[in-house]
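Step one of this worksheet: look at the structure below.
Every read-out reported here was derived from the displayed coordinates using simple, explicitly stated rules and does not represent laboratory data. Everything quoted here is computed from the prediction, not taken from an experiment. Here the Cβ positions follow ideal geometry from the backbone for every residue, glycine too, while neighbour counts run over all protein chains shown.
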Ligand code: XIL
């Protein structure tokens, strides 16, 4: 029990006894019942940065009023008092330990339990039992026939630490999460801002990591001044040409590829071309014009069309291949966003994306891979069972990618390093764990799934 909490509980106890034992202001014999809400026990845990066999437990109990708290660290000692500050507990022997925090106030008690799995053969502790089992090989060493990518931000590169360490050790390609989009690179007419993009491209270049440029044209990252363009259609087109030419030229020889156009196709029936400002001002062949300007600016950089729901929607996939076919030699490859679920889409639909791309002799970029483990928002933590299912989906995706011919391979990019950095939590508004590393940079089973998919 925290001493302060015990002290406070003792302070309020006489008052509490007085209230329930005397009649109160109405002077009737009925006791006045003052409802007291239970406090909710909850805690965070993480591996000590200085010792792989020490866990840090942080009591984050929520609720008003006084309470006392105790821990059972699952090592046979029963409940012990919760000392002030973060508890540091050593786990030396292999096994599965249930750690419980019990919190008591006048209304009763609540508990929170978490599992710690210790396997010294694999380097120590694995919170939640969802870490990798035995893999010490780096992804980038295992993927020798294609780039294995992840995303980054200028701020994370500048901060360095574990983020850049993991990027450098595990990944051979990087994509900017949002700073190589038009709203960031071209915030107002005539004023380009490549400061964040430069940080990312230079980091890749300096560390011999491929950079995939994402994305020159995307309706969702179009600055307002472009959406409200004050000028004629031909001035609009000249502006877009200047933007593409300036940007592609700037990174010529420094990056391997560009998504020229992202998400141009509607989801609705018939999957028509999205009615973006680019379509409105430049016509239905705006995609071809953009590819031509990018090609003219850098004949060597690979040019991709990128879109989502390519596996889950055969209709949208067909619409995408129609656009791709109309581009002829201007396009080098197809980027298919892989924002998928642990149980969806089917293997055969993912395979169909690969088959359609290979049959056209194009490069395939399995882009933006994340595998939602909680699509129905019915989980509060990643269970061992769901982690296994997620692992199987990672493995399936990698197996399909790794089986395409060498000439069609380019990169498989995962959309985020660690679970608590995923864009999906904001996008869907609830918790999920869709990536290969947990919040503390521990490799999850999903990481093993990636490696096993290569075999
Ligand atoms: C997302 C980023 O992850 C977010 O940080 C940003 O705010 C919005 O864009 N499809 C894409 C990506 O092509 O660029 C999107 O990335 C996710 C959906």
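As I understand it, the value is the acute angle between the Cα axis of helix 347-359 and the longest principal axis of the Cα atoms of the chain; what does it come to in degrees, rounded to 10?
Between helix and principal axis, roughly 20 degrees.
Alpha carbon centre of the range 165-221 versus the range 298-329: separation in Å?
Rounded to whole Å, the Cα centres lie 21 Å apart.
Please sort 384-396, 209-221, 230-242 by packing, taking for each peptide the average over its residues of neighbouring beta carbons within 10 angstrom, highest first.
209-221, 384-396, 230-242
Taking 8 Å as the Cα distance limit and 6 or more residues as the minimum spacing, I'd like the relative contact order of the range 270-429 as a percentage.
Working: 198 pairs, mean separation 32.1, N = 160.
Rounded, it is 20 percent for the range 270-429.
With the contact rule set at Cα under 8 Å and sequence spacing of 6 or more, what percent relative contact order holds for the range 338-422?
Computed value for the range 338-422: 43 percent relative contact order.
Residue separation times 0.36 nm, minus the C-alpha to C-alpha distance between residue 344 and residue 60: what's the value?
Extending this stretch completely gives an extra 98.7 nm.
Length gain on complete extension for the stretch residue 228 to residue 207, per 0.36 nm per residue less the alpha carbon to alpha carbon distance?
Additional length available on full extension: 3.6 nm.
Helix-only mean residue ellipticity at 222 nm, the chain, DSSP H runs n ≥ 4 weighted -39,500 (n - 2.57), per residue, nearest 500. What is it? Walk me through the numbers on the way to the answer.
Values: 15 runs with 153 residues, N = 455.
Calculated mean residue ellipticity at 222 nm is -10000 deg cm²/dmol.
Please give the per residue volume of the convex hull enclosing the alpha carbon atoms of the chain, rounded to a whole number of Å³.
197 Å³
Distance in nm between label sites at residue 246 and residue 274, each 7 Å beyond Cα in the beta-carbon direction?
2.3 nm
Where does helix 233-250 land angle-wise versus the long Cα axis of the chain, in degrees 0 to 90, nearest 10?
Orientation of helix 233-250: about 70 degrees from the principal axis.
State the Cα centre-to-centre distance between the range 385-455 and the range 351-383 in whole Å.
9 Å
With axes computed from alpha carbons, what is the tilt in degrees of helix 3-21 against the longest principal axis of the chain, rounded to the nearest 10 within 0 to 90?
Result, in degrees: 60.
Using the alpha carbons of the range 43-124, what is the convex hull volume per residue in cubic angstrom, as a whole number?
90 Å³
For the range 43-124, what's the relative contact order in percent, using C-alpha pairs closer than 8 Å and at least 6 residues apart?
Relative CO of the range 43-124 lands at 28 percent.
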